[in-house]
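**Q** Before we start, here is the structure in question, set down as structure tokens.
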Amino acid sequence: MIAMSDLFRVSLRQVVRQRGFGVILSIALGIMAFIALSVLGQEIRYKVGQDMVLMGGVNIIRVYMDDAQYPGQPRRDFSPRTVEALRKIPGVGMISENVRQGITFSLRASGERTLGVHFIGVDQYFAETYSLELVAGRMMSEEDVRGHRRICMLGREAATNLYGDPAQAVGKLLFLGKDVVEVVGVVTGVMLGEWNQGGFLPTTVMEDRNWGSGKITRLFVRAIGWEDVAPVVRQIPSVVRANQDAPYLVIATQDDQLDRIKTTFMWVEALLWLGIVASLMLGGFGIWYGTFAAVRARTREVGLKNAMRGSAKHILASSWPRPCASPWPVACWASWWVPSVSR
């Protein structure tokens, strides 16, 4: 009687001898790559798109009142009703209020230096709108804005110029004219630009002291993605003018950078689809080669049986079960049948 271990060993050896592992590997890799690219394709597109948008800042739309350019015109600001209406536009992710015209203060730095630091008024949504990173301390909160707290955040370069180490700036008191404000945090970000050398005060603090324009004259509208920028821009003028008077409304976008990101993203998407097609071709060629190799081997076997004058019935009976059964069920069946015959 044949032992079960010997039967499995003989069956496995026969499978190894007859199978082309290159074909199996190509089919497996092709199918795995296709599944991975198909499942993760949308996530890859989203992450790459978000990274490119973050680097270029093209999804930030600056909406402001340009009344100062027209003598005799009153200085208009954005009403809370207008801001809430803009937030309901499809494709708008977040809106931050801003006092457009800031104010510059001379501050004493290390080494008996005096530096001019420019401050602008922002709200609690500014950090998230511009994807700021916290270097030290904390971000400006809603309680700071609503409570008219005399606090500020500094850009990393401004904190470095004033104190050497950004972490040393947290908790320091700044004398801004007749007022004293506390530095609660140091921030940075790829979209800050020259604002990295300045500071950020709550909008309510600047409105109370009439610093800068003293009103909410600019909004930072962040679209969810770069595809939403154009539709949002088309809807902003009608939404604003439906809620207030805004004859000199200006909408500023970064059209050149947006076009470049669109072109780059198109090539990224093309490479992604090329990978999906290549994975399908790899798996398809593996299946094609394996099928034709099996057909050639079966044709050779049928020819030999015909040469040995085997009947068509016997040839069909011997050939039909083989492609329909895998080696392991056959081995299990043989492990029961062989011992019974040997007895």
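The values are calculated or read from the model by the stated rules, or taken from the named source; none is laboratory data. All values derive from a computational prediction rather than experimental measurement. As a convention, Cβ positions derive from the backbone with ideal geometry for all residues, glycine included, and neighbour counts pool all protein chains shown. Accessible surface is based on the protein model in full, side chains and every heavy atom, while ligands, DNA and RNA are left aside. Shrake-Rupley method; radii C 1.70, N 1.55, O 1.52, S 1.80 Å.
**Q** Given the conditions (1) under 38 Å from the mean Cα position of the chain (by Cα); (2) of a type in the set (S, T, N, Q); (3) part of a strand (DSSP E or B), report the number of the one that residue 114 does not fulfil.
**A** For residue 114, the failing item is (1).
**Q** Checking residue 102 against (1) buried (at least 17 other Cβ atoms within 10 Å of the Cβ); (2) at pLDDT 90 or above; (3) touching a His at 6+ places or on another chain (Cβ under 6 Å), which test does it fail?
**A** For residue 102, the failing item is (2).
**Q** For the stretch 149-250, which strands (runs of 3 or more DSSP E) that fit wholly inside it have 2 or more residues that are open to solvent by less than 40 Å² (accessible area, probe 1.4 Å), at pLDDT 90 or above and more than 16 Å from residue 64 (Cβ to Cβ)?
**A** It comes to 151-155, 173-176, 179-188, 199-202.
**Q** Can you tell me which of 110, 141 is small (Gly, Ala, Ser) and under 24 Å from residue 63 (Cα atoms)?
**A** 141
**Q** Moving to a separate point now. Tell me, please, whether a residue that is under 29 Å from residue 82 (Cβ atoms), assigned to a loop (DSSP other than H, G, I, E, B) and of a type in the set (Asp, Glu) can be found in the stretch 118-140.
**A** yes
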